[in-house]
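Accompanying notes for the structure given below.
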Amino acid sequence: MLNLIHIYKTYRPKKGKDAEALKDINLTIAEKGLVFLLGKSGSGKSTLMNLIGGLDSPDQGEIHFYGKDIVSLSREDCDAYRNTTVGFIFQEFDLIESFSVYKNIVLSLELQGKEAKREDVVQLMESLELI
């Protein structure tokens, strides 16, 4: 269960006007189901996802994941939350271009402190139709 409570986020550039990305957002996402975020460019979709994923922090408000306030997590705990709980597929994905798909997957697992067994990585690649 994910709950966002009175979320505000404003970007303050060095030059120009402030941009209010999110204003008093309240959202509850159930444990099961599918959620789509729709809106025009600049409506706050990416900002919302970055907050839920712990990549950014709100100016005000609380974000609870199964009752735990992720806004108050230490950097280490937030990294663990992001590495084990939330998945991102970025528009500009961050793969190491000089690495093969296999090596990128192995690196991701190793950064999470997991053993990268060849058969598991190959099985994952097959299930995703990457080979």
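The values are calculated or read from the model by the stated rules, or taken from the named source; none is laboratory data. None of the values given here were measured: they were computed from a predicted structure. Backbone-built Cβ (ideal geometry, glycine too); neighbour counts: all protein chains shown. The protein model used for the area step is the full one, side chains on, heavy atoms only, and it has no ligands, DNA or RNA in it. Shrake-Rupley method; radii C 1.70, N 1.55, O 1.52, S 1.80 Å.
Some observations on this one:
- Taking chymotrypsin sites (Phe, Trp or Tyr not before Pro) across segment 31-72, the ones in a DSSP loop with at most 14 further Cβ atoms lying within 10 angstrom of their Cβ are Phe36, Tyr66.
- Mean silhouette area of the chain, derived from the convex hull of its C-alpha atoms and averaged over all directions, reads 10.6 nm².
- Using θ = phi - 60° and Karplus 6.51 cos²θ - 1.76 cosθ + 1.60, couplings along segment 50-63 (whole Hz; Gly, Pro as x): 5, 5, 4, x, x, 7, 9, 10, x, 6, 8, x, 10, 10
- Secondary-structure-derived ellipticity at 222 nm for the chain, considering helices only, amounts to -8500 deg cm²/dmol, per-run term -39500 (n - 2.57) for DSSP H runs with n ≥ 4.
- Alpha-carbon centroids, segment 1-47 and segment 51-109: separation in whole Å: 17 Å
- Residue-span extension gain [Lys14 to Glu76] - 0.36 nm each, minus C-alpha spacing: 19.4 nm
- Carbon plus sulfur fraction of accessible area for segment 1-50, probe 1.4 Å, in percent: 56 percent
- Probe 1.4 Å, accessible area per residue of the chain, Å²: 77 Å²
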